[in-house]
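Trainee: Below are the structure tokens for one structure; questions will follow.
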Amino acid sequence: MQSRVRELRGDRGLSQQALGDAVGVSRQTINAIETGRYDPSLTLAVHLARYFGTTVEEVFDVDA
């Protein structure tokens with residue numbers, strides 16, 4: 001699964017730590033999502049999408 005988390009985070013000038021704090025996970029979790037080593041839970045995917053004001057499908061591409 002590919003994600004746009006790095007792109008969306010960068011567009012807002014956020015560090016991995018700041019995004020992790022905002023959605024209740026560690027910086028390491030954000031890093032693992034961005035590098036494709038970790039697929040987030042549905043709950044975390046929804047939290048990230050809501051934080052960025054978009055849909056889960058616009059943040060994560062399950063077909064990639």
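The values are calculated or read from the model by the stated rules, or taken from the named source; none is laboratory data. Just so it is clear, the model here is predicted, and its values are computed rather than measured. Heads up, the Cβs are rebuilt from the backbone with ideal geometry, glycines too, and the neighbour counts pull from every protein chain shown.
Trainee: Which of the residues spanning the stretch 18-29 are under 15 Å from residue 4 (Cα atoms) and hydrophobic (A, V, I, L, M, F, W, C)?
Mentor: Residue satisfying the conditions is 19 alone.
Trainee: Being over 17 Å from residue 1 (Cα atoms), assigned to a helix (DSSP H, G or I) and of a type in the set (A, V, I, L, M, F, W, C) is the requirement here; does residue 32 meet it?
Mentor: Details: over 17 Å from residue 1 (Cα atoms): no; assigned to a helix (DSSP H, G or I): yes; of a type in the set (A, V, I, L, M, F, W, C): yes.
Against the criterion (over 17 Å from residue 1 (Cα atoms), assigned to a helix (DSSP H, G or I) and of a type in the set (A, V, I, L, M, F, W, C)), residue 32 does not qualify.
Trainee: For the stretch 35-64, give me each residue that is small (Gly, Ala, Ser), assigned to a helix (DSSP H, G or I) and either at pLDDT below 95 or over 17 Å from residue 7 (Cα atoms) (or both).
Mentor: Correct list: empty.
Trainee: Another question about this same structure. Could you grab me the full set of residues in the stretch 8-44 that are among the acidic types (Asp, Glu) and surrounded by 11 or more Cβ atoms within 10 Å (Cβ to Cβ)? Write out each step before concluding.
Mentor: Taking the stretch 8-44 first, the residues among the acidic types (Asp, Glu) are 11, 21, 34, 39.
Within the stretch 8-44, 21, 34, 39 qualify.
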